[in-house]
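The values are calculated or read from the model by the stated rules, or taken from the named source; none is laboratory data. Please read all numbers here as calculations on a predicted model, not as lab measurements. Note that each Cβ is placed from the backbone with ideal geometry, even for glycine, and that neighbours are counted across all protein chains shown. All accessible areas refer to the heavy atoms of the entire protein, side chains included, with ligands and DNA or RNA removed. Shrake-Rupley method; radii C 1.70, N 1.55, O 1.52, S 1.80 Å.
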Amino acid sequence: LVRRSFVLSIAAAEGGSRPARRTSKTLRKSTETSQRTGSLVGAQKTDQMLRPPLSAAAYEESPLSPEDLSYPGRSASDEAKLRFAQGLLAAFGRGQKLPEASMKGLLEDSIELLRQEKTLVRVSIPPGGHLNVVGDVHGQFFDVAELFRSLGQPSEENPFLFNGDFVDRGSHSVETLATLLAFKVALPSHVHLARGNHEAHAMNILYGFAGEVLTKYGRSVYRLFQTAFDHLPLTHVVNDHVLVVHGGLSRNDDLTLADIERLDPSATDPDSRQLLTDLLWSDPSPQEGRHHSRRGANLLLFGPDVTGNFLSRNDLGLVIRSHEVKEEGYEWAHDEKCLTVFSAPAYCDACENQGAVAQLQVPKEGGPPLVNIKTFTDCERPDFYVPAMAYSMLSPISTAYLTDEARAELSHLSQSL
């Protein structure tokens, strides 16, 4: 009870909310399909069952050999890279660890790949195709593995866009992000990764990712993860119709997609830093205009008029964002022009929220993507599961999980904040 109260208070401190309690542990989905015609949205809703969640016994198969966990390198065949990503997903599901040499190789190749991507990435879904948009997963590896089991693993026919906050809070963040990077290297045009506000050193020191990496590997691997974060795209535009961004919109009334494309996330001038902060941290509000956020500092809430003006100015139809826990895993706002998608069910092992994925589907005859929302609950955890916040020095349970070396390194790194 003490630990649950602690984790909930940590979530609230960053601006999160505690959803109403849920007791069902059966994986299910509901779909809500919306097609936009001008400013109008017609919706249909159906409920159907997904297959049952994976049980903990499913992780007790024979471990993979060291050869199976040897990173083949970016120059390997597409088949070899995909086989490695799939093997890594299976290995992490059984509690295995990727050898440090393979982890470094994967990170170095991921950095080189991400360097080639722009701040704004344009994604095209062909007629009859779809794109799975996943919100915050926060190191909840087993729920990500369950998503792949239910929706299918990434492929040319089944592309994914993960909209930031891969890490922190959940104590399997290393496994979560390494799996996503492995699929990104194997399928660079069909797996898209966006930066969230937790892909940052200042957040990682507080909320567990730094402690986890330092416990499992060390400072050199942690630095590689931070370099990868620096090169993640900030936004995606899907079929010239949907903007996908982790946080939300800017305080600049005249903001265009070209302005976002020109943004250098490493720039230190005030305007660039402010735009970066807005894109990663802002939240929608039912109140018109812009207002100070409950998250504090100089953070922003934006109203339906801000969303409408941005979409009109940039000839778009919808904003999809993440960043906020929602009881049902998603929430429509601003006359259904702004959709929040959050994909970490039972957030922090304390909340009772569902997770959701937004599947964008383009009709065979073409036209704007339809929005198909799938909700799910958390799956069963294996015996080797590490509870949320276990690697954060903020947590009272960290003494059982952080090594002495990691604790000392955390103290040293925190001085650079």
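Data overview
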{"quantity": "Test: residue in segment 374-394 that is at pLDDT 95 or above, more than 24 Å from Gly170 (Cα to Cα) and in a strand (DSSP E or B)", "calculated": "no"}
{"quantity": "One residue from Pro387, Pro363, Pro396 being open to solvent by 10 Å² or more (accessible area, probe 1.4 Å), touching a residue at least 12 places away in the same chain (Cβ under 8 Å) and in contact with an Asp or Glu (Cβ under 6 Å, 6 or more places away or on another chain)", "calculated": "Pro387"}
{"quantity": "Residue in segment 273-299 that is farthest from Arg195 (Cα to Cα), counting only those that are touching a Lys or Arg at 6+ places or on another chain (Cβ under 8 Å) and open to solvent by 10 Å² or more (accessible area, probe 1.4 Å)", "calculated": "Arg290"}
{"quantity": "Members of segment 248-289 that are free of Cβ contacts under 8 Å to residues at least 12 places away in the same chain and among the hydroxyl-bearing types (Ser, Thr, Tyr)", "calculated": "Thr268, Ser272"}
{"quantity": "Residue list for segment 119-174, filter: open to solvent by less than 10 Å² (accessible area, probe 1.4 Å), in contact (Cβ under 8 Å) with a residue 60 or more places away in the chain and part of a strand (DSSP E or B)", "calculated": "Leu120, Leu131, Asn132, Val133, Val134, Asp136, Leu161"}
{"quantity": "Subset tally (residues that are buried (at least 24 other Cβ atoms within 10 Å of the Cβ) and of a type in the set (S, T, N, Q)) for segment 312-339", "calculated": "1"}
{"quantity": "Selected residue [within 30 Å of Arg115 (Cα to Cα), open to solvent by 10 Å² or more (accessible area, probe 1.4 Å), of a type outside the set (S, T, N, Q) and in contact with a helix residue (DSSP H, G or I) (Cβ under 6 Å, 6 or more places away or on another chain)] from Pro265, Pro270", "calculated": "Pro265"}
{"quantity": "So Leu413, is it part of a helix (DSSP H, G or I) and among the aliphatic types (A, V, I, L, M)", "calculated": "yes"}
{"quantity": "Breaking point among (1) more than 22 Å from Leu280 (Cα to Cα); (2) touching a His at 6+ places or on another chain (Cβ under 7 Å), for Asp168", "calculated": "(1)"}
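Conditions (1) buried (at least 24 other Cβ atoms within 10 Å of the Cβ); (2) modelled with pLDDT of 95 or more; (3) not in a loop (DSSP other than H, G, I, E, B), marked per residue:
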| site | (1), (2), (3) |
| --- | --- |
| Gly211 | yes, yes, yes |
| Val237 | no, yes, yes |
| Gly247 | yes, yes, no |
| Leu255 | no, yes, no |
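One line per residue, one yes/no per condition, for (1) assigned to a helix (DSSP H, G or I); (2) in contact with a helix residue (DSSP H, G or I) (Cβ under 7 Å, 6 or more places away or on another chain); (3) more than 21 Å from Leu147 (Cα to Cα):
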{"residue": "Leu280", "(1), (2), (3)": "yes, no, yes"}
{"residue": "Arg294", "(1), (2), (3)": "no, no, yes"}
{"residue": "Leu316", "(1), (2), (3)": "no, no, yes"}
{"residue": "Val319", "(1), (2), (3)": "no, yes, yes"}
{"residue": "Glu327", "(1), (2), (3)": "no, no, no"}
{"residue": "Leu339", "(1), (2), (3)": "no, no, no"}
{"residue": "Cys348", "(1), (2), (3)": "yes, yes, no"}
{"residue": "Gln359", "(1), (2), (3)": "no, no, no"}
